[in-house]
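Take a look at the structure set out below.
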Amino acid sequence: MTAQAEIARIRLNPHSRLVQRDLRDATQMHRTVMRMVPDGLGESPRQKAALLWRIDETEMSSTLLVQGTRLDLGRLPTEYGQAEVKSLAPMFSALRKGLAVRYRIVLNPSKRERLPLTEKTKRGKIIPLSGPEADEWWLRRAADAGLALHVLTPTNLAPVRPRRGSAPPMRHSLLRYDGTATVTDPAALSEAVLSGIGRGKPYGAGLLSLAPAAVA
């Protein structure tokens, strides 16, 4: 699947009402992004299309990153933004043990509440993590994904909440991490890039971006 994986970068049109709506509502953004994958994928189409997305914002612009297989930019709404797509195959081919990289990822660090033995038939609620607990969570998940982190700089993002009438009233806390790392396991890292990391993938979390780090 690595040969089929691609990334679309869409510089969003700030004057588009659909863009403004999607930036306010992660559920709507997910629906728009899902238009880019093929029809007829059956159950769990996001997973089958390996679809992940993230919003990168600056003071001047907002860029939507969409990663998946067989993306069709022509299915985006008219005047949604300027888009380009490229294969991720060269990046996967370049991964090797010991490679220094820069990374960016938006995450939903969380853990499941531990319940007393008297309630062992129930599942504890999901608890968002912050501060050092969130950093430790990312360090562990990165190690499992084949990355040894050197720098991890967190940025708090606005939380998102599903807006569907039937959705559970769970707020998804989001953190963006930027930093540098060394590749320890190229195969595990390729799988993590394709599958995403952590919870909250329908709400803009989990997409790991990598680039070669400058060598001093």
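For the options 42, 179, 204, a Gaussian network treatment of the chain with springs between C-alpha atoms closer than 10 Å singles out 42 as fluctuating the most. Taking a ≥ b ≥ c as the square roots of the eigenvalues of the alpha-carbon gyration tensor, segment 73-116 is classed oblate because a/c is 1.5 or more while a/b is no larger than b/c. Using only side-chain charges placed at the Cβ, +1 for Lys and Arg and -1 for Asp and Glu, the dipole size of the chain relative to its Cα centre rounds to 700 debye.
Of the residues 17, 70, 46, the one that moves most in a GNM of the chain with alpha-carbon contacts below 10 Å is 17. Most tightly packed first, judged by the mean number of other beta-carbon atoms within 10 Å of their residues, the peptides 48-61, 71-84 read 48-61, 71-84.
Laboratory data are not the source of any read-out in this text; all were calculated from the coordinates shown. The shown structure was predicted, so the numbers you read here are calculated from the model rather than taken from an experiment. Here the Cβ is made from the backbone with ideal geometry for all residues, glycine too, and neighbour counts use every protein chain on show.
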